[in-house]
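Here is the structure we will look at.
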Amino acid sequence: MEAARRWPLWLQGLALLWGRAVLGLEQIRTTVPPAPAQACSALSQKSCEECLKNVSCLWCYTNNTCIDYPVRSILPSSSLCSLSNARWGVCWINFEALIIALAVVAGLILVSVTVCCCYCCYCRKRSRSRLDEEEQLARKREERRLQSLQRKHERKLKHDEIRKKYGLLQDSDNPYSRFENE
């Protein structure tokens, strides 16, 4: 019980409404036909709990009346009952708090979806740039390797010319000739 008090009021309302929705779905699944609903006006001057047992009813605290929920409009008009005094679903949460709680939840969902989309796009862009960087590094590495081989070949040619000039270059036909001392 103490843990339930720690929850914010709107979260309790949402949990209770969710429980009512699940309970309503379970009732729909049963094969027993529901009892005919009592008219909301017949529940006036009784308790809020009795009025709200019928989900099509709205309890107004200003004059303790149970009225039919205005289905055509999403919110009841102020001429019918002010939002701070209107109750639907549960007696302890008014329409203002319910609207604020639903708006906060919807806002959090939108923000989280937006953040996830932006993060995913950023990661894709980052992974593409990594691939581009890796390809560029591989190209540069290959260019350096080719340049190194070319310089190595040029050095070998230069060294061979010097060896030839001083007679140190052996015949390529017979590299295993006998060394002669003079």
Phi-derived 3J(HN,Hα) across segment 39-56 with the Karplus relation (6.51, -1.76, 1.60, θ = phi - 60°), rounded Hz, x for Gly and Pro, is 5, 5, 5, 6, 8, 5, 6, 9, 8, 5, 4, 5, 5, 7, 5, 8, 6, 8
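Using 1/(1 + (r/R0)^6) with R0 = 22 angstrom and r between the beta carbons of Y61 and A103, what's the FRET efficiency to the nearest 0.05? Don't jump to the answer; show the numbers that get you there.
On the way: r = 22 Å, r/R0 = 1.01.
Efficiency for this residue pair is about 0.50.
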In sequence order, calculated HN-Hα J values of segment 129-141 (Karplus, 6.51, -1.76, 1.60; Hz; x Gly/Pro):
5, 5, 4, 4, 5, 5, 5, 5, 5, 5, 4, 5, 4
Please calculate the 1.4 Å probe accessible area of R139, with all protein chains present, and give it to the nearest 10 Å².
140 Å²
Between T114 and R155, what is the spin-label point distance in nm, taking each point 7 Å from the Cα along the Cα→C-beta axis?
6.1 nm
Among 40-50, 149-159, how do they line up from the highest to the lowest mean number of other beta-carbon atoms within 10 Å?
40-50, 149-159
Once amide H atoms are placed 1.01 Å from N in the peptide plane, what residues at a sequence separation of 5 or more from C57, or on another chain, have their amide H within under 5 Å of its amide H?
Y69
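Could you calculate the contour length gain from E50 to D68, that is, 0.36 nm times the residue separation minus the distance between their Cα atoms, to one decimal place in nm? If you can, show how the numbers build up before the last one.
Values: separation 18, 0.36 × 18 = 6.48 nm, distance 1.37 nm.
That works out to 5.1 nm of additional length.
Between R126 and K164, what length comes free when the chain is fully extended (0.36 nm per residue of separation minus the Cα-Cα distance, one decimal in nm)?
Values: separation 38, 0.36 × 38 = 13.68 nm, distance 5.65 nm.
The R126-K164 span can extend by a further 8.0 nm.
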Would you check the accessible area of V104, probe 1.4 Å, heavy atoms only, in square angstrom rounded to 10?
70 Å²
With the full set of protein chains in place, find how many percent of the accessible area of segment 56-169 is carbon and sulfur; take the probe as 1.4 Å.
60 percent
Roughly how large, in nm² to one decimal, is the mean projection of the convex hull of the alpha-carbon atoms in segment 40-170?
15.4 nm²
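The values are calculated or read from the model by the stated rules, or taken from the named source; none is laboratory data. This one's a predicted model, so the numbers in the text were calculated from it and none came from an experiment. Using ideal geometry, Cβ is built from the backbone for each residue, glycine included, and neighbour counts are taken over all protein chains shown. These accessible areas exclude ligands, DNA and RNA; they are computed on the full protein's heavy atoms, side chains included. Shrake-Rupley method; radii C 1.70, N 1.55, O 1.52, S 1.80 Å.
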